[in-house]
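Notes follow the structure.
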Amino acid sequence: MVDAEDALAQLRLPSSKTDKMTKQEMQAAQVEYWYKKAGEGHAQAQYGISVCLQKGMGVEKNLGEATEWCEKAAEQGHALAQFNTGTFYHHGTGVKRDLPRAVGWYIKAAEQGEVRAANNLGVCYEKGIGVEEGVCLRKAVFWYRKAAELGNAPGQCNLGVCFQEGKGVERCDKVAVEWYIAAAKQGYAEAQWRLGRCFRRGEGVSVDVAQAIAWFEKGAAQEHARAIIELEELRKEPAAEMEHEVEATMAELPLSRTPDLSGAARIPPAHLETKT
């Protein structure tokens, strides 16, 4: 999937026209060029103008106008614009909040492979946000899996939660751990906390306090509140008591101290993703 910077680079002004410009002059010239192309119906330029208006790059920040240009690009099938338009309507950014309309744009973007839209659709179906049928866990799992299999960390974590809590799928802590690992290795704090908790409790893996602390530390480093709390709790426990607890629990669990990574190897509470 082309990211925002790559997409906008396709419409950069030639360096021969910008070599002697200051950064501010270059941004202003770029915006002027994009406005010209956007007015001619160029979807990529319309998306570019939207991004500039969102961030105040080379033009005064204007979320209302940003939404208008973004939706124009979305209507032409621009996947990134469709995702962004969905988030605008979802959160009421620059436009009146309209959850069913947000879902409609997420679907269009997800069908083109925009993984963040797929994850957000999973959240919408899990929570019954903007969807006619209300909560539908089966569809939530479908969209989380779409995102997860394409390497989206929030989607991987959300799918892991579904397996751990038996939401829309048969409960399986082992599979949940595999998805948490996939997301945690990408630096996703929520997954790092959840993985640490699995090692602490022996859910899907053998109890391993050292691993639990290691993952809580990673989550805590990103200021994840629950990771910080559990890390402090573990550090306060007397070492002897911790060792006794580990030995007692391990006697009832499989000998392997590492999770089965086969599911994660095949692929390079629910969280929404926001616009680019």
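The values are calculated or read from the model by the stated rules, or taken from the named source; none is laboratory data. The structure presented is a predicted model; accordingly, all values stated were derived computationally and were not measured. All Cβ positions, glycine included, derive from the backbone under ideal geometry; neighbour counts span all protein chains shown.
Restricted to the range 162-180, and to residues there that are under 25 Å from V103 (Cα atoms) and of a type in the set (G, A, S), the residue that is surrounded by the fewest Cβ atoms within 10 Å (Cβ to Cβ) is G166.
Checked against the criteria, G204 counts as farther than 24 Å from A117 by Cα and either part of a loop (DSSP other than H, G, I, E, B) or touching a Cys at 6+ places or on another chain (Cβ under 8 Å) (or both). Taken together, the residues in the range 133-151 that are outside any helix (DSSP H, G or I), modelled with pLDDT of 95 or more and more than 10 Å from V115 (Cα to Cα) amount to 1. Scanning the range 161-196 for residues that are in a helix (DSSP H, G or I), more than 20 Å from E217 (Cβ to Cβ) and not charged (D, E, K, R) yields a total of 7. Take A210 and tell me if it is surrounded by 24 or more Cβ atoms within 10 Å (Cβ to Cβ) and either at pLDDT 95 or above or on the phi < 0 side of the Ramachandran plot (or both). When the stated conditions are applied, A210 does not pass them. One residue alone among L159, L150, L137 is surrounded by fewer than 24 Cβ atoms within 10 Å (Cβ to Cβ), within 29 Å of F199 (Cα to Cα) and under 14 Å from the mean Cα position of the chain (by Cα), and that residue is L150.
Could you go through the range 121-134 and let me know if any residue there is hydroxyl-bearing (S, T, Y) and either surrounded by fewer than 24 Cβ atoms within 10 Å (Cβ to Cβ) or farther than 24 Å from Q222 by Cα (or both).
Yes: the range 121-134 contains one or more residues that are hydroxyl-bearing (S, T, Y) and either surrounded by fewer than 24 Cβ atoms within 10 Å (Cβ to Cβ) or farther than 24 Å from Q222 by Cα (or both).
Taking the range 113-129 as the range and being assigned to a loop (DSSP other than H, G, I, E, B) and closer than 17 Å to N158 by Cβ as the test, the residues that pass are E114, G128, I129. Among the criteria (1) part of a helix (DSSP H, G or I); (2) at pLDDT below 85; (3) among the charged types (D, E, K, R), the one K20 does not fulfil is (1).
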